[in-house]
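The values are calculated or read from the model by the stated rules, or taken from the named source; none is laboratory data. Everything numeric in this text was worked out from a predicted model, so none of it was measured. Every residue, glycine among them, receives a Cβ derived from its backbone with ideal geometry; neighbour counts consider all protein chains shown.
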């Protein structure tokens with residue numbers, strides 16, 4: 001076994017490196033997703049070119065936008081709850097940062113490989129609800145309040161199918177550790193044939209579908225974008241935000257999309273593993289990030305494809321979908337998975 | 001700040017409705033101003049909505065933010081100058097605005113446009129309908145959260161605008177219609193190009209039928225939302241596709257073409273029995289398709305001859321009164337022209353379709369949810385210039 005990245009820096013240095021990595025990954029992820037999907041894929045689907053001026057093929061457009069946001073005035077509405085209003089985007093962004101803490105991109109290439117990694121990821125993902133509620137309440141704006149309330153109702157409703165869909169994988173893998181879930185898929189076999197491992201999308205396709213739908217709702221993207229619905233409540237909880245606070249929301253939205261696509265590819269697509277190689281090999285610490293990136297982009301393409309295609313559901317229709325379709329389907333999936341796990 | 005009487009009345013009505021709700025549910029109402037600056041009003045329409053949670057208890061449209069006083073302005077202009085103004089009323093289908101006014105003036109002067117002019121008028125009238133309604137077909141998607149269809153609408157509408165520009169020289173404000181005929185004849189090669197554009201527009205309709213109208217979420221959002229029964233539609237004076245979607249078989253093109261040549265072509269008036277938002281979308285989609293067939297038939301039978309009748313150089317319209325209404329893209333548009341024998345009209349009353357169409361809002365928006373407010377507004381389809389004039 002070749003030991004790559006097998007150096008042991010001091011604890012404080014390790015912490016600094018890890019902080020730096022997470023702090024770099026979120027904006028980079030937001031930039032990549034924003035450029036590739038929001039700007040280019042959406043434009044091509046809509047028979048236009050998108051940004052073409054800033055940098056080659058407009059690659060630097062989002063950087064230019066970011067600089068523009070930083071130059072803007074930081075406006076507080078007169079009757080806003082100042083501290084709540086100022087803190088809300090930070091809370092949302094922190095939830096995104098925490099998501100990346102447990103996301104493995106190699107056997108050792110993970111910021112913090114927790115035993116209950118999946119549990120941690122799903123728990124911190126729901127932190128953003130608090131930030132969104134704070135933004136809706138603190139803005140002292142009726143549209144923002146409606147957006148915040150819609151977001152709270154929606155995120156709570158879709159937290160459940162998200163968790164339930166992941167439980168099928170947990171039952172099959174027998175662990176909550178994200179890295180062990182990857183290993184379980186890498187060493188798995190399909191009817192005794194182990195050439196490509198056993199990515200759980202083959203057995204947990206119901207779970208994968210439910211997970212993607214719930215992620216779409218968690219990210220408040222169309223068809224579940226009522227909390228921000230531009231044509232109804234004019235941006236919802238984001239309506240009063242300007243400058244870098246708005247940038248925080250933007251980064252959190254795309255950063256979270258990236259993280260959720262990462263979790264989905266870990267749970268269902270085999271994570272950093274490539275078929276044909278030894279999963280115990282240290283080389284995966286080097287090629288793992290690239291493999292993960294490709295898989296994340298594939299899942300993100302799905303997520304954003306939905307976003308640009310579908311109209312928006314109504315609030316009550318969304319709740320009906322969650323409670324009457326997704327949750328029963330997820331429960332059934334758990335029962336079937338459990339029975340098969342015991343029987344086979 | 002003075003409060004207008006209308007706002008006062010809206011407030012009292014909302015307070016009364018509030019009191020009823022509060023007694024039942026013990027909740028506090030909220031007044032939400034949708035507009036004047038709101039993306040769904042595509043202009044400056046304001047809707048005072050009294051909400052109970054997300055449910056609308058009372059809604060009152062406030063208009064007049066874009067009032068430009070065309071009726072008054074028309075009084076200090078000569079007849080040829082008026083068309084420059086009035087094609088800014090419904091800015092998406094601008095040529096169609098000129099036609100009823102010119103027809104009314106022609107009626108007073110007792111001149112008749114030569115057949116070729118009448119046919120080209122009808123063709124351009126239908127092209128403005130295509131330019132107008134195709135944008136609605138895409139815009140409805142944006143209002144419901146689907147971002148993509150509107151770009152297809154803009155893409156294909158461009159071809160229609162190019163054809164209008166090729167004839168009139170103006171994409172948005174053609175100012176091409178004259179008393180006694182048209183300014184110019186069609187340019188060379190235009191007829192063949194237009195046939196190609198009609199095929200493109202039909203493909204566009206097919207595309208949207210697949211992409212948007214067939215979508216389950218779209219159906220869930222529009223079916224049964226904002227139902228207007230026929231008797232209500234009649235009593236509020238709804239016209240155009242809004243009335244036809246409520247099952248009222250009324251189309252001025254067929255019932256009273258007055259000067260336009262719709263009786264020369266074989267076409268169908270589409271109606272839908274449901275009266276909901278989906279029906280309004282469906283009817284407009286069918287009408288767009290029908291318009292392409294009308295244009296193709298008109299191009300086939302286009303007669304030869306002059307495009308201008310003999311009219312004096314300085315136009316003086318004899319004293320009298322005339323009212324001409326045509327089926328414009330948004331609904332029935334009529335001009336009541338009173339002349340005292342001068343160079344310009346003494347008084348012009350404009351009956352624009354959107355003003356009446358939007359008046360049904362307080363009736364239809366009771367008890368709907370906030371997202372449905374947007375659906376209903378989008379499906380009623382108004383142009384702000386057409387409301388406020």
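Residue A:278 meets all of the listed conditions (1) over 30 Å from residue B:214 (Cα atoms); (2) in contact (Cβ under 8 Å) with a residue 12 or more places away in the chain; (3) part of a loop (DSSP other than H, G, I, E, B) but one, namely (2). Restricting attention to segment B:348-379, the residues that are farther than 18 Å from residue B:233 by Cα, more than 14 Å from chain A (Cβ to nearest Cβ) and buried (at least 21 other Cβ atoms within 10 Å of the Cβ) add up to 1. In summary, residue B:382 fulfils each of the numbered conditions (1) out of contact with any strand residue (DSSP E or B) (no Cβ under 8 Å at 6 or more places or on another chain); (2) crowded, with 23+ Cβ neighbours inside 10 Å; (3) not in a loop (DSSP other than H, G, I, E, B) with the single exception of condition (3). Yes or no: segment A:275-287 includes at least one residue that is crowded, with 24+ Cβ neighbours inside 10 Å, more than 14 Å from chain B (Cβ to nearest Cβ) and farther than 24 Å from residue A:304 by Cα. The answer is yes; a qualifying residue exists. Look through B:202, B:221 and report the one residue that is surrounded by 15 or more Cβ atoms within 10 Å (Cβ to Cβ), away from chain A (no Cβ under 14 Å) and in a helix (DSSP H, G or I). One residue alone meets the criteria, B:202. Identify all residues within segment B:111-141 that are surrounded by fewer than 22 Cβ atoms within 10 Å (Cβ to Cβ) and within 14 Å of another protein chain (Cβ to nearest Cβ); write none if there are none. Selection gives B:139 alone. Before we move on, is residue A:335 touching a helix residue (DSSP H, G or I) at 6+ places or on another chain (Cβ under 9 Å) and either part of a helix (DSSP H, G or I) or at pLDDT below 90 (or both)? In short, no.
Yes or no, residue by residue, for (1) surrounded by fewer than 18 Cβ atoms within 10 Å (Cβ to Cβ); (2) at pLDDT below 85; (3) not in a helix (DSSP H, G or I):
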{"residue": "B:266", "(1), (2), (3)": "yes, no, yes"}
{"residue": "B:269", "(1), (2), (3)": "yes, no, yes"}
{"residue": "B:275", "(1), (2), (3)": "no, no, yes"}
{"residue": "B:280", "(1), (2), (3)": "no, no, no"}
{"residue": "B:286", "(1), (2), (3)": "no, no, no"}
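So, residue A:267, is that one in contact (Cβ under 8 Å) with a residue 40 or more places away in the chain, over 21 Å from residue A:156 (Cα atoms) and either within 14 Å of chain B (Cβ to nearest Cβ) or in contact with a helix residue (DSSP H, G or I) (Cβ under 7 Å, 6 or more places away or on another chain) (or both) or not? Yes: the conditions hold for residue A:267. Can you say whether residue A:92 is crowded, with 24+ Cβ neighbours inside 10 Å, away from every other protein chain (no Cβ under 14 Å), farther than 24 Å from residue A:226 by Cα and under 18 Å from the mean Cα position of the chain (by Cα), as far as the supplied structure shows? Answer is no for this residue. Out of curiosity, is residue A:245 more than 30 Å from residue A:107 (Cβ to Cβ), touching a helix residue (DSSP H, G or I) at 6+ places or on another chain (Cβ under 8 Å), in contact (Cβ under 8 Å) with a residue 12 or more places away in the chain and within 14 Å of chain B (Cβ to nearest Cβ)? No, not satisfied. Evaluating residue A:74 against the criteria (1) closer than 30 Å to residue A:204 by Cα; (2) away from chain B (no Cβ under 14 Å) leaves one unmet condition, (1). Residues in segment A:36-58 that are surrounded by fewer than 16 Cβ atoms within 10 Å (Cβ to Cβ), more than 14 Å from every other protein chain (Cβ to nearest Cβ) and part of a loop (DSSP other than H, G, I, E, B): A:52, A:53, A:54, A:55.
Assess whether residue B:162 counts as being away from chain A (no Cβ under 13 Å) and surrounded by fewer than 24 Cβ atoms within 10 Å (Cβ to Cβ). Yes. For segment A:128-141, a tally of residues being modelled with pLDDT under 85 and surrounded by fewer than 20 Cβ atoms within 10 Å (Cβ to Cβ) returns 1. Among the residues making up segment B:53-64, those that are buried (at least 20 other Cβ atoms within 10 Å of the Cβ) and outside any loop (DSSP other than H, G, I, E, B) are B:56, B:57, B:58, B:59, B:61. Counting only residues that are within 14 Å of chain A (Cβ to nearest Cβ) and either in contact with a strand residue (DSSP E or B) (Cβ under 7 Å, 6 or more places away or on another chain) or assigned to a helix (DSSP H, G or I) (or both), segment B:224-242 holds 0 of them. All told, residue B:331 falls short of being over 22 Å from residue B:235 (Cβ atoms) and away from every other protein chain (no Cβ under 14 Å). Considering the conditions (1) away from every other protein chain (no Cβ under 14 Å); (2) farther than 18 Å from residue A:186 by Cα; (3) out of contact with any helix residue (DSSP H, G or I) (no Cβ under 7 Å at 6 or more places or on another chain), residue A:326 is excluded by exactly one of them, (3). Does at least one position in segment A:303-317 carry a residue that is under 13 Å from the mean Cα position of the chain (by Cα) and within 14 Å of another protein chain (Cβ to nearest Cβ)? Yes, segment A:303-317 contains at least one residue that is under 13 Å from the mean Cα position of the chain (by Cα) and within 14 Å of another protein chain (Cβ to nearest Cβ).
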